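Coordinate-derived values only; no laboratory data. Computed from a predicted model, the values in this text were never measured in an experiment. In this analysis, Cβ positions are derived from the backbone assuming ideal geometry, glycine residues included, and neighbour counts consider all displayed protein chains.
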Amino acid sequence: AQQATYLRLVFWFLSLPTLLSLENSTASVSKDDSKRRRPIIYTYFERIPEERRFTDMTDEDDDALLQYWKLSWESAGWQPVVLGRSEAEEHPQFNLYNNEIKSLRMDDFSENAFRRYIAMAVKGGWMCDYDVFPLRDFRSKGLELPYDGKFAIYDIV
């Protein structure tokens, strides 16, 4: 039964391109005080109780890392936005998906990894983990979403 639930979650994950609306892709650009367009970069964060973490990071460490993430992306010309559970809960099928996630009895970190995609299905746009930082100025490429705004994953191996 757990394997079947896992396969349903994988199927849902693979169907995200149809769940991500092109209307949401327009939300990936904002204007800052100087009126120039700044692409939005999202990350997802849900605090995990210290007794259930498998890292040595404290709440203060997480807060400092999130702050550094924001400053780094702002300095590179982007508007950084931290999403959380409340944004994931805006999805009309959040309870269905979250119940499937909970049925797998994964650790909190793994559950959060799934919920970040639910939040992104609501918002649309660019997303990265909060331990990923810009190394060069590429904001002009961030103004247009690739693949007509359909779900895409970029990774380095």
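Brief remarks on what is shown
- Listed by chain and number, the aspartates and glutamates placed with their C-alpha closer than 20 angstrom to that of K70 are D32, D33, E46, D59, E60, D61, D62, E87, D129, D131, D137; residues fewer than eight positions away on the same chain are left out.
- Cβ-placed point charges (K, R +1; D, E -1), dipole of the stretch 36-124 about Cα centre in debye, nearest 20: 640
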